[in-house]
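Below: the structure, in structure tokens.
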Amino acid sequence: MIRSELVQKIADENPHLYQRDVERIVNTVFEQIVEAMAKGDRVELRGFGAFSVKKRDARVGRNPRTGESVSVDEKHVPFFKTGKLLRDRLNDK
């Protein structure tokens, strides 16, 4: 599902809301998640999962074409861990 499909589904289920308002709400939720993660905070949505940021240390990698050693800088990457409810639902429990 992409963002526009999510907005459409919420708008269809809530006919009392304008689509532009639903779009603004969805965008605000995503923006707040991104802002929190950019600050290094953890975002937990009960029953769904938790978003966090993990640090990857600098390392020496290899260029797959040439086999040449390349230094890879340290970086921060997003990480998502599913919640128990979502995991159970995916596994039909």
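The values are calculated or read from the model by the stated rules, or taken from the named source; none is laboratory data. Quantities reported herein were computed from a predicted structural model and do not represent experimental measurements. So basically every Cβ, Gly included, is an ideal-geometry build from the backbone, and we count neighbours across all protein chains shown.
General observations
- Screening I25 against (1) outside any helix (DSSP H, G or I); (2) over 13 Å from the mean Cα position of the chain (by Cα) leaves a single unmet condition, (1).
- Screening G40, G49 for residues that are surrounded by 10 or more Cβ atoms within 10 Å (Cβ to Cβ) and modelled with pLDDT under 95 leaves exactly one candidate, G40.
- Those residues of the range 52-79 which are under 30 Å from Q32 (Cα atoms) and either exposed (fewer than 11 other Cβ atoms within 10 Å of the Cβ) or among the aliphatic types (A, V, I, L, M) (or both), in sequence order: V53, K54, K55, D57, A58, V72, D73, E74, K75, V77
- Residues in the range 1-16 that are surrounded by 13 or more Cβ atoms within 10 Å (Cβ to Cβ) and aliphatic (A, V, I, L, M) were compared, and the one that is farthest from T82 (Cα to Cα) is A11.
- For G67, the conditions (1) closer than 27 Å to F30 by Cβ; (2) at pLDDT below 95; (3) not aromatic (F, W, Y) are fulfilled apart from (1).
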